[in-house]
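Each value in this text was obtained by applying a stated rule to the coordinates, not by laboratory testing. Keep in mind that this is a model prediction, so the values were computed, not measured. Positions of Cβ are backbone-derived with ideal geometry, glycine not excepted, and every protein chain shown enters the neighbour counts.
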Amino acid sequence: MIRIRAIHGTASLLSRDRMAQVRELFVGSFPRLADYADEIPSLLRDPMQHGYRTVLLIAEGAQGRVDAFALVMHFPDLEVVFLDFMATRPGVRGHGLGGALYEAVREFSRNCRARALFMEVQPDDPALTPDPAQLQAARKRIRFYERYGVRVVENPAYCVPVGDPPTTAFLLFDGLGRPDPLSRREARAAVARILAKRFGQIVEPAYVRDVMEAFRDDPVPLRPIRNRRPGNHLPPSAPARLSNTFSLVATPRHELHHVRERGYFERPVRVQAIREALEPTGWFTPVSCREHRESAIVAVHDRHFVHFLRTVCTTLKAPRPVYPDTFPLRPAERRPRELPVQAGYYCIDSGTPLYPGAYRAARASVDAVLTAADELLAGKRLVYAVCRPPGHHAGKRFYGGFCYFNNAAVAAQYLLAEGRVALLDLDFHHGNGTQDIFYERDDVFTVSIHGHPHYSYPYFTGYPDETGQGAGLGSNFNLPLRPGADEAAYLPALDRALDRIGRFRPDILICSLGFDIIRGDPTGTFRLAARSLRALGRRLATLDLPLLVAQEGGYNLRNIRRGAREFFAGCADAALTSS
């Protein structure tokens, strides 16, 4: 089976490995353009600098070997894609790779809502390609594309030799199944942009002018298909070649923790509501949760605190939970000896009980977010960890607010080996635990938009003047909002948060997502409509960063269903129009 994936950047270890293989294959296939191979990481990483978005599609063979690649340029404002390069590894040709990869390019183009796919090829005209071997290869290549209905654009000025040494090319047009012809206006706009952005260093203004003037007819004439063999008809619609861009990770072990007491809103049905809302959309590939070592938790949480949770929960006799009854002004050197009494030492409120299943469910929640991190490192663009219990109120050595381990913080620490990480908290409540863990560090930039601590849990943290300490000074950014904040107040705050994240220049973004920012949540006082979350998802996805979303709060089931659909619809919109 041929596996094709899209590489959007070079932040992950997998992406860097595949990029190195692509460079080797590129140099071998296009030795005269070897220097261009060194530009590909920059093209992927910084689309704004180049004026278009570049995506690398790779076909993987055994053990992650890159057997073929296609480099495509997307101009979203023109609804145009340009296939820049496509090559197959020597020795594996003839196994359907070329067809599968081109079908993936067409699928990518349609997903981007492109109306036209252009590419260049060596002319199959003996007057322009006098070398017999090159002429035979050109005819074979154009015959391959004509199987898909691709046509040569009839523009004699385009195939005038350019560059040093001079080269000639035909321009090919793939309408991607569109019923209407290629208009002159559309052709001029697309070709002018392609020549300026891709070939601006080798074509002269006079050449561009001549090409534009040669588009005289409307619609643009296309050469009839010449090379179709008898009985060789257009291939039927190919199956989807590109794996889903998004993955979803959840685990049934979250049900081990079910507090049935009145007023405890963090219930197992929350996960069910999310899955019911998202499964029909087809946006996500479900991924089974994998177990990870406890060392990943100890990397951000105090080992005595982890030992306390594990020991108390595994020795409890149901149905009697442990609740804290005394809350000291927690001097670190004064931890009481009795484990149950330590609940007040480690817990910040009286609403987060310890039941027998709490530790195992919290471990499973961490496993979900670390599995999501692994998916991100394997090249996925967006991964959603449906974490339950949530985590952002858990600090280095405290728990509370329905949270036991800080899922997002564990993932951030885990991903630091691959690059700089920014962590954006969009739950209604301040991510006090996340702030606590990274407050004196500068390797993770933490941002939280939340209800003002004058009025909202956890009350004592989340003020704007809390900006970090020591090495972390300037690496924490709080944006508290007043009760009743709606979209008009929230979106400008989000833009400020994203601006600060952009200045940090992270390689990976983690979002702690809470649906309790939607109007009607029993624990929040914001007045955002569920549809407002589409704008949130779109803004995050257009940052063009690998994105890990970790579920936090949200306790109104209707809001959970609608909020999940809207947020990820925004992410999907951005992926279609800007990837």
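Couple of notes before you dig in:
- Amide N of segment 19-35 lying under 12 Å from the label point, which is placed 7 angstrom from the Cα of Gln201 along Cα→Cβ: 33-35
- Helix axis angle, 269-278 relative to the chain longest principal axis, alpha carbon, degrees: 10
- Ordering Thr167, Pro205, Cys112 by the projection of their Cα atoms onto the charge dipole of segment 3-214, which places +1 on the Cβ of Lys and Arg and -1 on the Cβ of Asp and Glu, puts Cys112 at the extreme positive end.
- Arg290 paired with Arg320, simple spin-label distance in nm, labels 7 Å along Cα-to-beta-carbon: 4.2
- Spin-label proximity, Ile225 to segment 119-143 - amide N less than 14 Å from point 7 Å beyond Cα toward beta carbon: 142-143
- Cα-centre dipole for segment 3-214 with unit charges at Cβ (Lys and Arg positive, Asp and Glu negative), debye to 20: 640
- Sparse packing (at most 16 other Cβ atoms within 10 Å of the Cβ) combined with a DSSP loop state is found for the following trypsin sites (Lys or Arg not before Pro) in segment 103-178: Arg113.
- Note on the chain: helix-only mean residue ellipticity at 222 nm, from DSSP H runs of 4+ residues weighted -39500 (n - 2.57) and normalised by residue number, equals -11000 deg cm²/dmol.
- Acute angle (nearest 10 degrees) that the helix 184-198 long axis makes with the longest principal axis of the chain, alpha-carbon atoms: 70
- Modelled FRET efficiency - R0 56 Å, Phe30 with Ala529, Cβ distances, 0.05 increments: 0.60
- Each Lys and Arg Cβ is given +1 and each Asp and Glu Cβ -1; about its Cα centre, segment 66-132 then shows a dipole of about 300 debye.
- Under the simplified labelling scheme, the Glu276-Asp77 pair shows an inter-label distance of 4.5 nm, with each label point 7 Å from Cα along Cα→Cβ.
- Length gained on full extension, Glu261 to Arg216: 8.6 nm, using 0.36 nm per residue less the C-alpha separation.
- Dipole of the chain, positive direction: furthest Cα of Leu44, Ala127, Thr523, with charges on the beta-carbon: Thr523
- Taking label points 7 Å from Cα along the Cα-to-Cβ direction, Val269 and Phe460 give a separation of 3.4 nm.
- Summing charges over all other residues whose Cβ lies under 9 Å from the Cβ of Gly379, with Lys and Arg as +1 and Asp and Glu as -1, gives +3.
- Here segment 373-425 and segment 87-152 have alpha carbon centers that stand 43 Å from each other.
- Tail fraction, Cα-Cα pairs, segment 3-214, threshold 23 Å, whole percent: 46
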